[in-house]
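Reviewing the structure listed below.
Read the figures in this text as sums done on the coordinates, not as results from a lab. Nothing here was measured: the structure is a model prediction, and the numbers come from that model. Every residue, glycine among them, receives a Cβ derived from its backbone with ideal geometry; neighbour counts consider all protein chains shown.
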Amino acid sequence: MKPEPSIIPRPATERYPGGEIRWTPAEKGSVFAGPGCRSVAALAAALLSRAPGRDWPAVDDPRGAFLRFELDASDGAYADEGYGLVVDADGVRCRARSAAGLFNALQSLRQLLPPAIETAGGLSSGFSLPFATVEDSPRFSWRGFMLDEARHFHGLETVKALLDLMALYKLNVFHWHLNDDQGWRLESRRYPELTRVGSKRRDTVIGGFGAAALAGISYQGSYTQDEAREIVRYAAERHITVVPEFELPGHASAALAAYPELGCTGGPYAVRIGPGIFKDIYCAGKDATLSFIDGVLDELCDIFPSAYIHLGGDEAPKDRWRACPACRARIEREGLSGEDALQAWLFNRAAERLAARGRRAIGWNEALNPALRPDAAAQFWRGGKAVMRRHLRGGRSFIMSDFWRAYLDYDYCLHPLKKAYAYEPVPAGLPEANVLGVESPLWTEWVADRSRLDWQTFPRLLAGAETAWTRRDRKDYRRFESRLVEHLPRLDALGVRYAPRAEWNPPPPIRAVKNACFLVRMATNLRRRAE
Ligand code: ACM
Ligand code: ZN
């Protein structure tokens, strides 16, 4: 018996009554696009046109159309991004209240089609579709993936490929980490030294996690503003919002190397080669820093239309601020209680600049402070659980990215697939309404190329996608794993070099030994960095 179709993330309700509809290239194909449905119909036509010599014209008459898209905005018919999908002897019908919902319906339809649909010419002999009735909507509105391109620059083609894969799994936020100690990756017209100096490092670390070997060659990469706009457009066509991150006040070495006057000591500073948490951060006392932050934020707002801009806020040691006369004077002048309050003051000032452009700020949870603007969202990753709970209960919006569950940058011994899948992002007893959603970050200190990136990300990102989309009572690891195994030929067809099944959940003794080695290496690394 054929296994049930496997749509990932698992829909809210799905029925497969048996039977299938067959389409062969000898038949004409057509797509009916109701009012407002042209763009999704065009995407569907492009997908189905992979059968050579066939195109799928959009027609105005639903009768006889193989595939029909219609919007239905009547009260209660569909949730915002939800949809209905029916496959029966009459063909395929997709209905939703929004274009995003129809796009999600198309992604489910795509997963009902044979994996050969993913390759050019793959459908040369036609296809069958199982009869299906799917009614679906997401649990969370924020379903994110974060890519760090400061530590390693992956480039336009990889980012587009990742956006395609995000769309397939109904992920809708691409959090783009574009600057850090090891590189500044986005052109600034006001501050050209950011990429001229800040996008290059003298050398780069090679080898696996925790390795100290150097390549012996310099490393660089950056996007022009036009390229970033191309990514924003490409993402928007897939109903994905790009949220850029401008790290403040720490992880600033690349920017300080370019503009040393923005640091407390005045430098000189270097773009960092290896990973770490560095003491040189932006000087919050100098007015030059404030106008730099405003200038960068204005440019980001011009390029990225996202409702949120990420302001970082994690891992910012205060050693320099404590010793800096300008920072001390700012604390005094503003009547602040100390360095943590100064960080909140700096964050709020940047958030106000964003608010003037109709945008909201997000900060990593270390930025949480009683003085933080209530409309700023927080992204929880680790530590400070009591503080997180207090802010969440108090009404602050959160994105959940627990290090032990959602992070993609460690191996499967530390973060097995099963553990990633088990992530419940809403802390017990706290209001779900304040959790915007879930995000899976990929930090790339040790991820230098696409094949490593694929291995880290897949299939764990699919677990993250299911946590973000599927209601809690519909999640079940055993079923997920068997659906995933059915799904792998599609990732093969897409050329994704995912981690093989044997590596998803290493046996406990292997995990224990490898994790002990890992923790020793991490501690050695931290010591080395502190020296
Ligand atoms: C982080 O992983 N430093 C947010
Ligand atoms: Zn200072």
Coil-residue trypsin sites (Lys or Arg not before Pro) of the range 36-80, DSSP, other Cβ within 10 Å capped at 10: Arg63
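How would Lys28, Lys200 line up from fewest to most surrounding beta-carbon atoms within 10 angstrom?
Fewest-to-most Cβ neighbours within 10 Å comes out as Lys28, Lys200.
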Per residue of the range 327-333, in order, report the coupling 6.51 cos²θ - 1.76 cosθ + 1.60 (Karplus, θ = phi - 60°) as ³J(HN,Hα) in whole Hz, putting x for Gly and Pro. 5, 5, 5, 5, 4, 4, 4
Taking the beta-carbon count within 10 Å as an exposure proxy, list Trp184, Trp504 from fewest neighbours to most. Trp504, Trp184
Under 28 Å between alpha carbons, and skipping anything fewer than 8 positions from Lys318 in its own chain: which lysines qualify? Lys200, Lys279, Lys286, Lys385
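If I take all pairs of Cα atoms in the range 438-500, what percentage of them are more than 20 Å from each other? Before the final figure, lay out each step's value.
Values: 631 of 1953 pairs.
So the portion of pairs separated by more than 20 Å is 32 percent.
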Spit out the partnerless Cys residues in the chain, using Cβ distances under 4.7 Å as the pairing rule. Cys37, Cys94, Cys301, Cys413, Cys517
Per-selection Rg to Rh, the range 1-125 - Cα, Kirkwood hydrodynamic radius: 0.95
Extending each Cα 7 Å along its Cβ direction at Glu157 and Ala26, get the distance between those two points in nm, one decimal. 4.0 nm
Can you spot the lysines whose alpha carbon is less than 18 Å from Lys419's alpha carbon? Ignore those fewer than 8 places along the same chain. Lys475, Lys514
For an R0 of 41 angstrom, estimate the FRET efficiency from the Cβ-Cβ distance between Arg521 and Glu334 and round to the nearest 0.05. 0.45
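If each residue of separation counts as 0.36 nm, what is the full-extension length gain between Asp319 and Ser291 once their alpha-carbon separation is subtracted?
Full extension from Asp319 to Ser291 adds 7.8 nm.
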Loop-only GluC sites (Glu not before Pro) in the range 1-81, please: DSSP not H, G, I, E or B, and at most 16 other Cβ atoms within 10 Å. Glu27
Working out 0.36 nm times the residue gap between Lys385 and Lys418, then minus their Cα-Cα distance, what length gain in nm do you get to one decimal? 9.6 nm
Taking H as built 1.01 Å from N, whose amide H comes closer than 5 Å to the amide H of Ala378, not counting residues under 5 places away? Gly363, Ser397, Phe398, Ile399
What do you get when you divide the Cα radius of gyration of the chain by 2.2 N^0.38 Å, with N the number of residues? 1.02
Around Phe458, which amide H atoms from residues at least 5 apart in sequence, or from another chain, sit under 5 Å from its own amide H, with H modelled in the peptide plane? Ala499
Between the range 341-420 and the range 75-136, the alpha-carbon center distance in angstrom: 35 Å
Can you tell which of Phe69, Phe174, Gly263 lies farthest toward the positive end of the dipole of the chain, using +1 and -1 charges on the Cβ of basic and acidic side chains (Lys, Arg; Asp, Glu)? Gly263
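Using just the helices of the chain, give the 222 nm mean residue ellipticity in deg cm²/dmol: DSSP H runs with n ≥ 4 each add -39,500 (n - 2.57), and the total is spread over all residues, rounded to 500.
-10500 deg cm²/dmol
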Pairwise label distance in nanometres, Arg479 with Ala120, each label 7 Å out on the Cα-Cβ vector: 3.9 nm
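Determine the dipole magnitude for the range 91-239: charges of +1 sit on the beta-carbon of Lys and Arg, -1 on that of Asp and Glu, nothing else is charged, the reference point is the Cα centre, and the result goes in debye to the nearest 20. Don't skip to the end; give the middle numbers.
Numbers: 19 positive and 16 negative charges, 75 e Å.
Here the range 91-239 has a charge dipole of around 360 debye.
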Between 0 and 90 degrees, rounded to the nearest ten: what's the tilt of helix 477-493 against the longest Cα principal axis of the chain? 80 degrees
Helix 460-469 sits off the longest principal axis of the Cα atoms of the chain, rounded to the nearest 10 on a 0 to 90 degree scale, by 80 degrees
I want to check the label-to-label distance for Ala89 and Ala46. Put each point 7 Å from Cα in the C-beta direction and report it in nm to one decimal. 3.5 nm
